[in-house]
Every structure is written in C-alpha cells, then in structure tokens.
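Novice: A single structure is presented below for examination.
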Ligand SMILES: *Cc1c(COP(=O)(O)O)cnc(C)c1O
C-alpha cells in the first residue's frame, strides 16, 4: 500500500498554493484602483489569451455560456434557424440556441472520439435542408473532454451549406490540431473559465477567440448592452456579459502555469494509459491532435460494469464522476425541441445513448502523481 493521501477529482488547491501571493496582490491592486468593471486586467488577460492560442483577438466575457450566446447573437442566429450540435455534451451548448429562439438539432457522436460524428451531421443537415422548414445555420462543435473535434471536416460541411462554425472549447483550452491551438480552428471559439476547466478563474468567466476584427468588435459591443463608440449610444440588443477585473487578475496569475499544466495532464493521461490500456476502453487521441485532458473518461462494457467500478473507487476513497448520465435529447427541457427539430422525425442517437450508460471519468488534474494514478487504476482494475 502506497500513501493514502486524498486524491481530488479536480485539484485547485495545489495550484493555488503556487500563486496565492500573486493572486492576493492582483486583487489588492484592483481594490486600490477601483476599476472593478473593464479594468486594465481585462485587456491584459485578453492579450495573454490571444497570444497563447495564436488568435488575433480575445474578448473576455462573463462565462462560457455567454461566450456561446454572444457568438451566436453576432451572427444573428434566431427563430427559423437550425443549430446542429452533439447530443453528448454539457447542457449549455443546447441551451443557447433555444434562448435565442433557434432550434437545436442534436447530432450523434463518434464512439471513439466522443465528438461530432460527421456522417451523422451531414445526414441531419441534408434532412433539414430538404424539409425546408428550418434554415441550416450553424454547427457547434464541442471539443469534448479536451479532444479537438474534426475541424477541417466541420468547415468543409459548413462551407458547402453556408453555415457558421462555432467551437465550444469550454473543456479544451490548450488543445490543438497539428500546430494550431483551439481558438484558431473556427471563426469563433468559446472558452469557459469555470474553476474546474483547464484554465479556470475563481468564479464565472469566459472568452471568445477570433481572427476576425469585425466579429471581435461586435462581441465587445454585445457584451456591453450593444453599445457603440460612446457609452450611451445603443446600436443593437446586447447583454451584460463582461468578464470582471478580479477574475481577470486570477487568470493573469494562472495563465503562465498553463503550458506546464497541460504537459502534466498529458503525463497523467499516459500513466493511466499504461495502467489501463487494453484492460478497459481508454480515450483515443486522434492522430495529429493534442488533447487538453480537461476530463479523463474511460468506457466500461455496460451500466453494471460501470456501477461496479464506481463502487470499487468509492470503497477506496477515490472520486469519480459521470459526464454525462443523460443525452441532451432525453432531458425534459430539450425533448420537445428534439421532436420538433425535424418534421419527418429525428433519427435516433444510439452512440450518445450508449455512452451515457458506460462512461466514467477519473481524477484528472496537473498535480496528480504517478502513485495517485496507480491507486486509481488499481481500484478500476479490481472491478473489471
Ligand atoms: C463548462 C461548459 C460550458 C459552459 O461554461 P460556463 O462557463 O459554465 O458557462 C459550455 N460548454 C461545455 C462543453 C462546457 O463543458
């Protein structure tokens, strides 16, 4: 038996110990200058985020959800528009088109990457186009768990149908395809700084990355009530969707750690692979992709096997979580939208259904030791 130090699912304390003094100083500076909204920290973190991702512009906003919303508002997405998105993702991805009066059309995911299944996407886009009731308008690709979606294929399909591609990279900041980081792979990329994400603040926060100056300007206007050049000129319907100065200060202290933390997440994933690969279904990394390892998810053979593994982990005092127990089209809030998305009746979503019964996420953060991973793996293997 190795050490029995507690293992966190996400560990925010180990990181905080490294930068606590800097965070305290950053917050103290804001208390002194008093610019709590749109203070200099916001512009500074926007520059840092853009540089990190290799994107031209970053616009700080109030959450990942608001990043998605502002990005869709900027395209004028609304009633009559079909927005295609995976059925296997966090609820926010589906909520935003509905809030804007658009219709989410749920698409199945690939069983090995957990990301949009391009063949199923193409089928559903063709069906919506053929029915002619809704306009195929946008695809939201989610980089689930940190693995970049197949952006080249998503672009090709969007170009063919004149659709907008929006990257929901809330779980994946730091991920890349080839040498291009997320933030440059779609016309707009939404980030979340919810505390447990790969780059998290100490509250709610988010950002939109884009290479397009006109879009960036629209996002800045929309996050501040649609204001124009002067503060009391209102050009469009916007929202109150700003990133606040204190959260920006937290992010400024954390961003310099991110490069190293991504490498540490990759090391932890490799330890898991070594211990579990071949015994349970471990995550597949698409060739050429850099996984951000926001969440580490294995697949068990069925629901009963997952229950046994969860019980085994729990008995060993180890945390685990299910992302996600229910596909979005089964959620009470979205079932009606799903039924109405395609008049001819939406095709089934068998992979999303199956993953929800079999997926299990294990502790993943940059401060896991090889011994920690061995203990988790041992508890998993004891039950399979
Ligand atoms: C966390 C998350 C969001 C929402 O981000 P918030 O900052 O919590 O609003 C959106 N999409 C996905 C895939 C997420 O994981």
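The values are calculated or read from the model by the stated rules, or taken from the named source; none is laboratory data. Predicted, not measured: the structure shown is a model, and the values here were computed from it. Counting neighbours? That spans all protein chains shown, and the Cβs are built from the backbone with ideal geometry, glycine included.
Novice: Give the residues of the range 249-276 that are within 30 Å of residue 34 (Cβ to Cβ) and in contact (Cβ under 8 Å) with a residue 24 or more places away in the chain, sorted by residue number.
Specialist: 249, 250, 251, 252, 253, 254, 255, 257, 258, listed by residue number.
Novice: Looking at this structure, is residue 266 under 21 Å from the mean Cα position of the chain (by Cα) and part of a helix (DSSP H, G or I)?
Specialist: When the stated conditions are applied, residue 266 passes them.
Okay, residues lined up against (1) more than 16 Å from the ligand (Cβ to nearest atom); (2) more than 20 Å from residue 174 (Cα to Cα):
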residue: 16; (1), (2): yes, no
residue: 22; (1), (2): yes, yes
residue: 27; (1), (2): yes, yes
residue: 33; (1), (2): yes, yes
residue: 37; (1), (2): yes, yes
residue: 49; (1), (2): no, no
residue: 64; (1), (2): no, no
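Novice: Which numbered condition trips up residue 320, out of (1) touching a strand residue (DSSP E or B) at 6+ places or on another chain (Cβ under 6 Å); (2) at pLDDT below 90?
Specialist: With respect to (1) touching a strand residue (DSSP E or B) at 6+ places or on another chain (Cβ under 6 Å); (2) at pLDDT below 90, residue 320 is out only on (2).
Novice: Pick from the range 83-103 the residues that are more than 13 Å from the ligand (Cβ to nearest atom) and in contact with a helix residue (DSSP H, G or I) (Cβ under 8 Å, 6 or more places away or on another chain): which of them is nearest to residue 333 (Cα to Cα)?
Specialist: If we take residues in the range 83-103 being more than 13 Å from the ligand (Cβ to nearest atom) and in contact with a helix residue (DSSP H, G or I) (Cβ under 8 Å, 6 or more places away or on another chain), then 98 is nearest to residue 333 (Cα to Cα).
Novice: Something else now. Of the residues 153, 165, 213, 159, which is away from the ligand (no atom under 11 Å from the Cβ), without any contact (Cβ under 8 Å) to a residue 40 or more places away in the chain and over 21 Å from the mean Cα position of the chain (by Cα)?
Specialist: 159
Novice: Collect the residues in the range 335-351 that are within 13 Å of residue 94 (Cβ to Cβ) and modelled with pLDDT under 90, keeping them in residue-number order.
Specialist: Passing the criteria: 335, 336, 337, 338, 341.
Novice: Determine whether the range 222-234 contains at least one residue that is within 16 Å of the ligand (Cβ to nearest atom), assigned to a loop (DSSP other than H, G, I, E, B) and within 21 Å of the chain's Cα centre (by Cα).
Specialist: no
Novice: Please specify each residue of the range 159-173 satisfying the condition of being crowded, with 24+ Cβ neighbours inside 10 Å and touching a strand residue (DSSP E or B) at 6+ places or on another chain (Cβ under 7 Å).
Specialist: The answer is 166, 167, 168, 169, 170, 173.
Novice: Another question, if that's okay. Any idea which of (1) in a loop (DSSP other than H, G, I, E, B); (2) away from the ligand (no atom under 16 Å from the Cβ); (3) under 24 Å from residue 219 (Cβ atoms) is the one residue 8 doesn't satisfy?
Specialist: The single condition residue 8 does not satisfy is (3).
Novice: When the residues of the range 174-196 are filtered to those that are within 11 Å of the ligand (Cβ to nearest atom) and under 19 Å from residue 42 (Cα atoms), which remaining residue is surrounded by the fewest Cβ atoms within 10 Å (Cβ to Cβ)?
Specialist: Ranking the qualifying residues of the range 174-196, first place goes to 195.
Novice: Given the residues 204, 211, which is the only one that is within 30 Å of residue 266 (Cβ to Cβ), assigned by TED's automatic domain parsing to the domain that holds residue 55 and touching a helix residue (DSSP H, G or I) at 6+ places or on another chain (Cβ under 8 Å)?
Specialist: 204 is the lone residue from the list that is within 30 Å of residue 266 (Cβ to Cβ), assigned by TED's automatic domain parsing to the domain that holds residue 55 and touching a helix residue (DSSP H, G or I) at 6+ places or on another chain (Cβ under 8 Å).
Novice: Can you confirm whether residue 272 is touching a helix residue (DSSP H, G or I) at 6+ places or on another chain (Cβ under 6 Å), more than 21 Å from residue 168 (Cα to Cα) and assigned to a loop (DSSP other than H, G, I, E, B)?
Specialist: So residue 272 does not fit the description; no.
Novice: I've got another one for you. Give the range 343-382 a look and list any residue that's in contact with a helix residue (DSSP H, G or I) (Cβ under 6 Å, 6 or more places away or on another chain), closer than 30 Å to residue 13 by Cβ and exposed (fewer than 15 other Cβ atoms within 10 Å of the Cβ), or say none.
Specialist: The answer is 370, 382.
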